[in-house]
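All remarks here apply to the structure that follows.
The values are calculated or read from the model by the stated rules, or taken from the named source; none is laboratory data. Computed from a predicted structure; not experimentally measured. For neighbour counting, all protein chains shown are included, and Cβ atoms are generated from backbone atoms with ideal geometry for every residue, glycine included.
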Amino acid sequence: MTSSLLANLLTEPPGVAHYMTVGAVMFVCGAMCMATKRNALGVLMGIELVLNGANLNFIAFGSKYLDNGGPQLGLDGSLIALFVIVLAAAEAAVALAIALNFYNNHDSIDVDRADQLQG
Amino acid sequence: MNLHTLIDSLISDTLQKSLPLFGPELVLCATIVVLLLARVLPLLDRIPPVVIAFVGAVAALIAAVPQEGLASFGGIQSQEIFTGMLVYDGLTAYFKLFLMAFAVLFVILSHLTGIADRDDGQDYFSLVFGATIGMCIMVSSNHLLTMFLGVEMASVPSYVLAGIVKGRRRSSEAALKYAVYGAGAAGVMLYGTSLLAGLLGSAHFPTMVGRLVEFDLPTRIADRELTVMVLALAGLMVGVGLAFKLSAVPFHFWCPDVFEGASAEVGGFLSVASKAAALALLVRVAIGMTYEHPTSDKLGSPPRDVAAIQQSHPELPVQFVAQQRSTDDESTSDPAAEEGPLDPVRSFVVTLIGIVSIVTCTFGNLAAYGQRNIKRMLAYSTIAHAGFMMMPVAAAVALVGMGKTAAASEAIAALMLYATIYLFMNLGAFAIIAFMRNSMQSEEIKDYSGLIGRSPLIAVAFTVILFSLVGLPPLAGFWPKLRVLQALFEANSPLLMFVMVAAAANTALSLVYYLRVAKTMCIDREADGTRPVALGFLQTAFVLAMALPVVLYGLDPERIARWTQQAASGLFQ
């Protein structure tokens with residue numbers, strides 16, 4: 001079953017499935033990055049990857065040139081993607097400021113150093 | 001329709017219909033702008049920021065009162081504003097009023113504890129109001145975009161608030177942990193949202209539920225289609241984001257750390273306003289995905305005959321009609337009835353929320369035992385209460401599935417009553433912790449020993465609040481718990497019966513750790529070398545203003561309960 005899915009992806013002209021595959025790969029890379037990086041900036045990059053993976057999905061679902069065989073999301077998809085881009089920038093700005101504040105207090109942005117509070 | 005008429009209708013919809021109902025948020029936005037400009041304009045800079053914030057919050061509270069007065073929640077017609085992005089109904093109106101009242105109290109508390117001094121005040125109050133606007137969007141969201149925007153707008157200022165105390169190692173650590181966990185959960189939630197929107201071809205809740213009906217889930221499940229798996233996965237991912245906001249197990253790690261690291265005032269903000277908004281959003285999503293409005297023209301969908309009866313007997317109140325219909329249903333439907341198109345969604349949501357709520361409640365109560373820091377203990381208590389407050393949502397979805405919309409709206413009303421009473425209990429508790437921190441520089445439970453001798457009024461008020469958090473009658477905390485249990489009993493399914501038993505057992509569990517603090521304060525001897533506690537008149541008055549409603553609630557319990565019931569009935573119009 002998996003091999004037939006892969007064969008379909010490789011032989012058919014680009015459609016929603018291809019974009020979703022790229023989006024899923026980006027999501028998994030981002031999630032792995034969040035889970036394994038010890039540097040706070042690395043974690044933030046992982047978050048950025050996850051958000052953009054989701055954005056790719058929104059764009060693909062919203063495009064009228066890519067038919068997924070079901071009801072179309074239309075312009076909503078592109079609009080949500082625009083909002084998410086702005087939000088991601090705002091979130092990154094805040095997270096970087098917080099990371100800087102952490103660095104000032106701990107002389108490091110290694111997330112393993114955040115161990116005074118034991119969850 | 002050409003572009004001209006389109007723009008005309010958009011403008012009239014925005015100006016005449018949407019913006020008047022968006023008043024409280026607009027007032028808060030204006031307050032934020034004034035607060036930020038105050039740094040630049042010398043004339044404004046002379047006014048203390050707390051005055052501007054207080055005036056803004058009170059104006060927003062007045063704007064949040066429904067047009068026909070406080071008793072008119074039932075009369076609010078559910079209507080979509082901003083072209084379907086937000087919805088304004090009784091639930092929205094009630095929670096907006098709740099959030100604005102909380103904002104006023106919170107500004108007063110911040111002034112009394114002195115956390116927002118002249119230098120930091122502008123930033124602090126802008127962040128608080130920004131988060132409050134995000135919470136208002138959460139409670140009124142009707143679209144996946146506004147859901148995500150609301151969650152982010154409420155979260156991002158909260159990350160900063162957690163670290164607002166400069167130069168404290170713990171505070172910066174709490175902020176970093178909160179930001180990293182929060183951003184991760186938001187990313188996962190957004191990915192789930194994208195899958196959900198793509199599969200259903202819409203991001204508008206009422207349209208999505210219509211598509212879910214057309215999707216014909218029972219047949220697809222029988223055919224073992226992969227699409228169903230993707231849909232379930234998307235639902236789980238959206239659930240991750242909501243569970244993070246609710247601090248539900250297994251996404252609760254941030255909660256105790258953030259509460260311990262952040263100042264007590266911010267803890268109060270996160271545990272009351274943020275939780276209430278997240279619960280309202282959970283109601284929006286859970287009910288929105290499982291309840292089809294009677295106006296939709298699907299043949300044979302259950303709520304339709306409510307509308308039919310209402311048309312023939314317009315004088316009947318909605319609740320009565322719904323009850324009449326549910327009794328009709330019980331007598332006519334045969335037990336082997338065909339599975340409705342939304343039933344798989346309902347059972348998915350009920351199982352998910354039910355199990356998560358039991359685990360959250362039990363875990364919170366068990367983990368609170370060993371805590372030595374009072375803020376950490378209250379963080380676990382918040383987790384436990386969040387679990388408790390999720391239970392009526394599961395019950396409501398199950399009741400909607402049985403067609404008992406009146407009982408479902410009772411369940412939601414129980415949740416709203418719980419959130420309201422929780423405001424007084426937890427804001428009171430965190431206010432006391434903040435005042436005690438100012439006066440004895442400690443947040444350890446052992447330093448509270450012998451408080452009754454040093455400051456009897458505060459000790460008694462704190463004890464009352466703790467008893468109410470346990471849920472002992474006749475204090476206010478008991479009544480919403482009773483209603484939650486009642487709603488779970490109504491739902492009458494094996495899982496929810498188990499949830500009910502677990503909830504009752506958890507109440508008994510929680511008794512021990514709350515009473516331990518009460519015992520430390522009232523029975524234990526004062527340790528040597530503790531500093532005397534001196535609280536100003538206003539501080540004491542604030543604590544009493546929080547504790548008295550908890551005691552006096554029993555005098556007129558029907559009024560607030562009636563408001564919540566009217567407000568909740570708007571969901572099922």
Is segment A:7-15 home to any residue that is of a type outside the set (Ser, Thr, Tyr), surrounded by fewer than 18 Cβ atoms within 10 Å (Cβ to Cβ) and either under 16 Å from the mean Cα position of the chain (by Cα) or at the interface with chain B (Cβ under 10 Å from one of its Cβ atoms) (or both)?
no
Return the residues of segment A:102-119 that are under 28 Å from residue B:367 (Cβ atoms), more than 7 Å from every other protein chain (Cβ to nearest Cβ) and out of contact with any strand residue (DSSP E or B) (no Cβ under 8 Å at 6 or more places or on another chain); say none if nothing qualifies.
A:112, A:113, A:115, A:118
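Per-residue answers, yes or no, for (1) under 23 Å from residue B:131 (Cα atoms); (2) surrounded by 15 or more Cβ atoms within 10 Å (Cβ to Cβ); (3) at pLDDT below 95; (4) more than 7 Å from chain B (Cβ to nearest Cβ):
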{"position": "A:60", "(1), (2), (3), (4)": "no, yes, yes, yes"}
{"position": "A:67", "(1), (2), (3), (4)": "no, no, yes, yes"}
{"position": "A:75", "(1), (2), (3), (4)": "no, no, yes, yes"}
{"position": "A:87", "(1), (2), (3), (4)": "yes, yes, yes, no"}
{"position": "A:92", "(1), (2), (3), (4)": "yes, yes, yes, yes"}
{"position": "A:97", "(1), (2), (3), (4)": "yes, yes, yes, yes"}
{"position": "A:100", "(1), (2), (3), (4)": "yes, no, yes, yes"}
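Residues B:481, B:519: which one is crowded, with 20+ Cβ neighbours inside 10 Å, on the phi < 0 side of the Ramachandran plot and either assigned to a helix (DSSP H, G or I) or small (Gly, Ala, Ser) (or both)? Steps first, please.
Numbers: B:519 fails: crowded, with 20+ Cβ neighbours inside 10 Å.
One residue alone meets the criteria, B:481.
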Can you pull out the residues in segment B:1-43 that are aliphatic (A, V, I, L, M) and buried (at least 16 other Cβ atoms within 10 Å of the Cβ)?
B:21, B:27, B:28, B:32, B:34, B:35, B:38
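Answer yes or no: is there a residue in segment B:146-155 that is surrounded by 23 or more Cβ atoms within 10 Å (Cβ to Cβ), within 8 Å of chain A (Cβ to nearest Cβ) and assigned to a helix (DSSP H, G or I). Reasoning before the result, please.
Initially, segment B:146-155 is screened for residues surrounded by 23 or more Cβ atoms within 10 Å (Cβ to Cβ), giving B:146-148, B:150-152, B:154-155.
Of the ones still in play, those that are also within 8 Å of chain A (Cβ to nearest Cβ) are B:148, B:152.
Filter once more, so that each one left must be assigned to a helix (DSSP H, G or I): B:148, B:152.
Within segment B:146-155, one or more residues are surrounded by 23 or more Cβ atoms within 10 Å (Cβ to Cβ), within 8 Å of chain A (Cβ to nearest Cβ) and assigned to a helix (DSSP H, G or I).
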Residue hits (segment B:473-487; out of contact with any Leu (no Cβ under 7 Å at 6 or more places or on another chain) and over 13 Å from residue B:553 (Cα atoms)) are B:481, B:482, B:484, B:485, B:486, B:487
Give just the number: which of (1) touching a residue at least 12 places away in the same chain (Cβ under 8 Å); (2) part of a loop (DSSP other than H, G, I, E, B); (3) of a type in the set (Asp, Glu) does residue B:123 not satisfy?
(2)
Unmet criterion (only one of (1) within 15 Å of the chain's Cα centre (by Cα); (2) hydroxyl-bearing (Ser, Thr, Tyr); (3) more than 14 Å from every other protein chain (Cβ to nearest Cβ)) for residue B:141:
(3)
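Any residue at all in segment B:172-182 that's small (Gly, Ala, Ser), surrounded by fewer than 22 Cβ atoms within 10 Å (Cβ to Cβ) and within 10 Å of chain A (Cβ to nearest Cβ)?
From segment B:172-182, those small (Gly, Ala, Ser) are B:172, B:174-175, B:179, B:182; that's our starting set.
In the following step, the residues that additionally are surrounded by fewer than 22 Cβ atoms within 10 Å (Cβ to Cβ) were identified as none.
No, the conditions are met nowhere in segment B:172-182.
Return the residues of segment B:156-171 that are assigned to a helix (DSSP H, G or I) and either more than 7 Å from chain A (Cβ to nearest Cβ) or in contact with a strand residue (DSSP E or B) (Cβ under 6 Å, 6 or more places away or on another chain) (or both); say none if nothing qualifies. Talk me through it step by step, then tell me what you get.
Let us first name the residues in segment B:156-171 that are assigned to a helix (DSSP H, G or I), namely B:156-162, B:169-171.
Within segment B:156-171, B:157, B:158, B:161, B:162, B:171 qualify.
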Look through segment A:38-52, keep the residues that are touching a residue at least 12 places away in the same chain (Cβ under 8 Å) and more than 9 Å from every other protein chain (Cβ to nearest Cβ), and return whichever of them is surrounded by the most Cβ atoms within 10 Å (Cβ to Cβ).
A:52
Taking residue B:236 and the conditions (1) at pLDDT 90 or above; (2) surrounded by 19 or more Cβ atoms within 10 Å (Cβ to Cβ), which numbered condition does it fall short on, given that it satisfies the others?
(2)
Residues to consider are B:512, B:543; find the one that is part of a helix (DSSP H, G or I) and crowded, with 17+ Cβ neighbours inside 10 Å.
B:543
Residue A:55 vs. criteria facing another protein chain (nearest Cβ under 9 Å) and surrounded by fewer than 15 Cβ atoms within 10 Å (Cβ to Cβ)
no
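Have a look at B:230, B:258, B:240 and point out the one that is assigned to a helix (DSSP H, G or I), in contact (Cβ under 8 Å) with a residue 40 or more places away in the chain and either farther than 28 Å from residue B:100 by Cβ or among the aromatic types (Phe, Trp, Tyr) (or both). Steps first, please.
On the way: B:230 fails: in contact (Cβ under 8 Å) with a residue 40 or more places away in the chain; B:258 fails: either farther than 28 Å from residue B:100 by Cβ or among the aromatic types (Phe, Trp, Tyr) (or both).
Residue meeting the stated conditions: B:240.
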Return a yes/no flag: does segment B:132-141 have any residue that is touching a helix residue (DSSP H, G or I) at 6+ places or on another chain (Cβ under 9 Å), surrounded by 20 or more Cβ atoms within 10 Å (Cβ to Cβ) and within 30 Å of residue B:439 (Cα to Cα).
yes
If you take the residues of segment B:183-196 that are under 24 Å from residue B:261 (Cα atoms) and surrounded by fewer than 24 Cβ atoms within 10 Å (Cβ to Cβ), which of them is nearest to the other protein chains (Cβ to nearest Cβ)?
B:184
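Hey, can you tell me all the residues within segment B:197-211 that are in a helix (DSSP H, G or I) and either in contact with a Leu (Cβ under 7 Å, 6 or more places away or on another chain) or facing chain A (nearest Cβ under 7 Å) (or both)? Break it down into steps so the answer makes sense when it comes.
Initial filter on segment B:197-211 (in a helix (DSSP H, G or I)): B:197-200, B:205-211.
Within segment B:197-211, B:197, B:198, B:199, B:200, B:208, B:211 qualify.
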List the helices (runs of 4 or more DSSP H) inside segment B:1-115, counting only whole elements, that have at least 2 residues being modelled with pLDDT of 90 or more, among the hydroxyl-bearing types (Ser, Thr, Tyr) and in contact with a helix residue (DSSP H, G or I) (Cβ under 9 Å, 6 or more places away or on another chain).
B:90-113
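Out of all the residues in segment A:18-37, which are within 11 Å of chain B (Cβ to nearest Cβ) and farther than 20 Å from residue A:80 by Cβ? Working first, answer last.
Of segment A:18-37, the ones within 11 Å of chain B (Cβ to nearest Cβ) are A:19-20, A:23-24, A:26-28, A:30-31, A:33-35, A:37.
Residues satisfying the conditions are A:28, A:31, A:33, A:34, A:35, A:37.
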